[in-house]
Amino acid sequence: MVGELLLRPFLRFLSFVVSLREMRWNCLKGYKKYYGQKILWYLITFVIAVVLNFALPRLMPGDPVSAIAGQAASGMTDAQAIKKVYDEYVEKFGVNDPMIVQFGKWAKAAVQGDFGVSFSQYPRTVSDIIASSFGWTLALQLPAIILGWLLGNILGAVAAYMKGVFDKAILPAFLFISNVPAFGMGVILLTVFGIQLGWAPTSGAYGFDLIPNASWTFVKSVIAHYQLPFWSIVLVTIGGQAIGMRSMSIYELNADYVKYSRFLGIKDTKIVGYVFRNAMLPQITGLAMSLGTMMGGALVSEIIFSYPGLGTTMMSAIKGNDYPLLSACTLVITIMVLLANLFVEIIYGIIDPRVKAAQQD
Amino acid sequence: MKNTLRNIFHSPKFVIGFIIFFGLLAFTLIYPFFVAADPLDMVGQGNFFKPGTYVSVQDTVDAKYYTLNIQAKSSNLGDHIEEKDKQDMRDWLLNYGEVSQEELDAADDNALVVLWLEHYDEKAKQKGLLASKKKAYVRLNKEIVKLASDADLIIAVENEDGELEESKSVDSKQYVNTKDIANQRKLVLGTDNFGRDVLTELVQATKVSLKIGLIAGTVATLIGLMLGLLSGYIGGLFDNIIIFITNLFTVIPSFVLLILITYSVGQNARGVTLIAAVIGLTSWTWTCRSVRSQVISLRNRDHVNLSKLSGHSMIRIVLTDILPYVASYVVMAFILQISSGILAEAQLSMLGLGPSTTSTATLGQMMNWATMYSAHLNGSWWAYFPVVLVITLIAFSLNLMNTGLDQVFNPQLRD
């Protein structure tokens, strides 16, 4: 009897530990299932994106090979180059092979990073061009979009909570700005700060008289050239994010738990902390969802500044009828967006356990 | 319905957006009645003429002259000399013209010209000045003398023998009334790189872009609505397939698809309608997702079940019991689709994949040509700024309307 009484707390403790371990195990299983499904899903999407990238231009009416080869070679005078282009196409497209075999060949080369030779910038290889422009785009867009998103969320939250001048003047101003297309904002900033005020250089990613190296002059030049494209993307991003955050925050501020917390007398700052953490969650998904659109806009604004990123490369590929380069550009952009989305979803699973819980049902 | 409409038109945001949008639309419709010129007509020979009224020089010569007692030259002498030349003049006067710095600092544009005329001497010793620079000063001097002179201008006409015969002499006090001049063209926004009248082209382009937006929005909304309604209501395998495709195309950027498709159809097939349809075809996923999730929450409601028990057909249930509940959302999505369709066209055109330029002008094409001819670098603001403004105003007005509707249909968001 006494022994049992003594044992009871111990047993209770033991069962607690067991249940805790069980919970943890379930939890891990949940994560595994959640991430496993996500990664599988993204792999499928990736494969389909690659297939589309391959197949769409081949659905072109008529004989695409001779048409493209003819277009690509039309401006060339060097007979050797023209022959190289034709051979390249015949080999690349493998006209006589069935579609599946063609795809296999293409995919095999692509996996090894071989996207063929560029026509407009012959004899540079496509992978070489992509490698040199990819870094510029990533370094420009990633920080700009993240900063714009952060500033937008702060502005939206402040507008929802403080009201007053933030809600009546600053937010509408940024809303108006967010409707300016990214390239339009680029042109405006360029005219005002680049040409009228002369505060920043207007085109390129570094001084035209410099060769990329690790010197201080080069770094300074890169930073100076970075300003206008960077801020044009940031400014355009803020408004759209702010309006989303504002409505989410208003929803949350009106929620029952907020009223209840107020009745309990919990400090306002603490409630605001809860509210904004909850309001943030949909904003993270929102970022992932709109990433593709935002990147599209930012890519076009690169053209305004002749920034040597993927956007400018893509334009020159289109103007030069450079099919291999264009398709490699779109593929790289797709992969970037897919990876960013996957990253956001992984982060989201950690921040918001409810998502993972939903997977367990 | 009447009540909803009244609510909508009481929302200030919606009303402002509505006024801006329909104001723009009305302007594009009314403008052609006043200016009948072909928007694609290349009026100017050469690119980027400044905004202003252009009058025929021959007409001015032939017009009736009035003598006005206005000091003609001195009033705006300085405006005709470029800033760089003024600086050069100051430099010369300081170094070789024996003019003190104080005197120069005190001199305004007109005084500077007076000083120049007094002190400049071609033959003065100009130590350390390059020969080319010396010659440049001689040319500059000629120009200034011409500007400053008020000698009569003689107009001569070639007679039968091929000799010039004086027909008129004009002094600096003679003016013509612009109303007397038959041949004049007002280019409110100047001309673009092809020499087209920017305002007329802009009006036409706005109309075409709005059409693109409307077609793209309609296509996207119809596809999204139909797939969303069906997949939400039917469920099962059909739903799984649809949601798979929808998820797929929300993750693969529609921008990329748009580029690939428009590139593949080739330059010749790329018309306005085709571009609009392709934009619509790549942007229905959002509507579909949202409609589907709303239908799922609706399909087990009592009134839907009642309809089912009454033996109504599926089409009737979807149209009468479910559609009205998602209609407000669909209208809002449609409004946003129009604005994103216009933007998508602009971006495509900037990349060189827009509709062909020779047949129509679109906002994106205007922007594309302006950047290709570096209007933004050589200060021809009229070629790109109005275009950016119109795109912004369209997007802003549509977004305002959307926000206004949102506040009417979701009372929680109201202030």
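Figures for the structure shown
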quantity	calculated
Every pair of residues 6+ apart whose Cβ atoms lie under 6 Å, when the first sits in the range A:156-183 and is more than 16 Å from A:SER232 (Cβ to Cβ) and within 13 Å of another protein chain (Cβ to nearest Cβ) while the second is open to solvent by less than 50 Å² (accessible area, probe 1.4 Å) and hydroxyl-bearing (Ser, Thr, Tyr)	A:ALA160/A:SER249
Test: A:PHE115 is open to solvent by 30 Å² or more (accessible area, probe 1.4 Å), touching a Leu at 6+ places or on another chain (Cβ under 9 Å) and part of a loop (DSSP other than H, G, I, E, B)	yes
Residue in the range A:187-221 that is most open to solvent (accessible area, probe 1.4 Å), counting only those that are polar (S, T, N, Q) and assigned to a helix (DSSP H, G or I)	A:GLN196
Scan of the range B:327-349 for residues that are over 18 Å from B:ILE394 (Cα atoms) and open to solvent by less than 10 Å² (accessible area, probe 1.4 Å), ordered by number	none
Any hit, the range B:366-386, residues being within 30 Å of A:GLY156 (Cα to Cα) and either more than 10 Å from chain A (Cβ to nearest Cβ) or buried (at least 24 other Cβ atoms within 10 Å of the Cβ) (or both)	yes
Filter result for B:SER209 (modelled with pLDDT of 90 or more and part of a helix (DSSP H, G or I))	yes
Matching residues in the range B:360-376 - criterion: being touching a residue at least 24 places away in the same chain (Cβ under 8 Å) and assigned to a loop (DSSP other than H, G, I, E, B)	B:THR360, B:ALA361, B:THR362, B:TYR373, B:ALA375
Single condition A:GLY286 does not satisfy, out of (1) among the small types (Gly, Ala, Ser); (2) more than 8 Å from chain B (Cβ to nearest Cβ); (3) open to solvent by less than 10 Å² (accessible area, probe 1.4 Å); (4) free of Cβ contacts under 8 Å to residues at least 60 places away in the same chain	(3)
Helices (runs of 4 or more DSSP H) contained entirely in the range B:1-76, each with at least 3 residues that are open to solvent by less than 90 Å² (accessible area, probe 1.4 Å) and within 30 Å of B:ASP109 (Cα to Cα)	B:72-75
Restricting the range A:237-246 to residues that are of a type outside the set (Lys, Arg) and open to solvent by less than 30 Å² (accessible area, probe 1.4 Å), the residue that is nearest to the other protein chains (Cβ to nearest Cβ)	A:GLY239
Residue that is more than 26 Å from B:LEU389 (Cβ to Cβ) and modelled with pLDDT under 90, where the choices are A:ALA169, A:ALA160, A:ALA200, A:ALA173	A:ALA160
B:VAL256 being within 13 Å of chain A (Cβ to nearest Cβ), without any contact (Cβ under 8 Å) to a residue 12 or more places away in the chain and open to solvent by less than 50 Å² (accessible area, probe 1.4 Å)	yes
Residue within the range B:233-246 that is polar (S, T, N, Q) and away from chain A (no Cβ under 14 Å) present	no
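To keep it simple, each residue is scored yes or no on (1) open to solvent by 80 Å² or more (accessible area, probe 1.4 Å); (2) at pLDDT below 65; (3) within 17 Å of A:LEU325 (Cα to Cα); (4) not in a helix (DSSP H, G or I).
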residue: A:TYR34; (1), (2), (3), (4): no, no, no, no
residue: A:ARG58; (1), (2), (3), (4): no, no, yes, no
residue: A:GLY70; (1), (2), (3), (4): no, no, yes, no
residue: A:LYS83; (1), (2), (3), (4): yes, no, no, no
residue: A:GLU91; (1), (2), (3), (4): yes, no, yes, no
residue: A:GLN102; (1), (2), (3), (4): no, no, no, no
residue: A:LYS105; (1), (2), (3), (4): yes, no, no, no
residue: A:ILE130; (1), (2), (3), (4): no, no, yes, no
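The values are calculated or read from the model by the stated rules, or taken from the named source; none is laboratory data. None of the values given here were measured: they were computed from a predicted structure. All Cβ positions, glycine included, derive from the backbone under ideal geometry; neighbour counts span all protein chains shown. The protein model used for the area step is the full one, side chains on, heavy atoms only, and it has no ligands, DNA or RNA in it. Shrake-Rupley method; radii C 1.70, N 1.55, O 1.52, S 1.80 Å.
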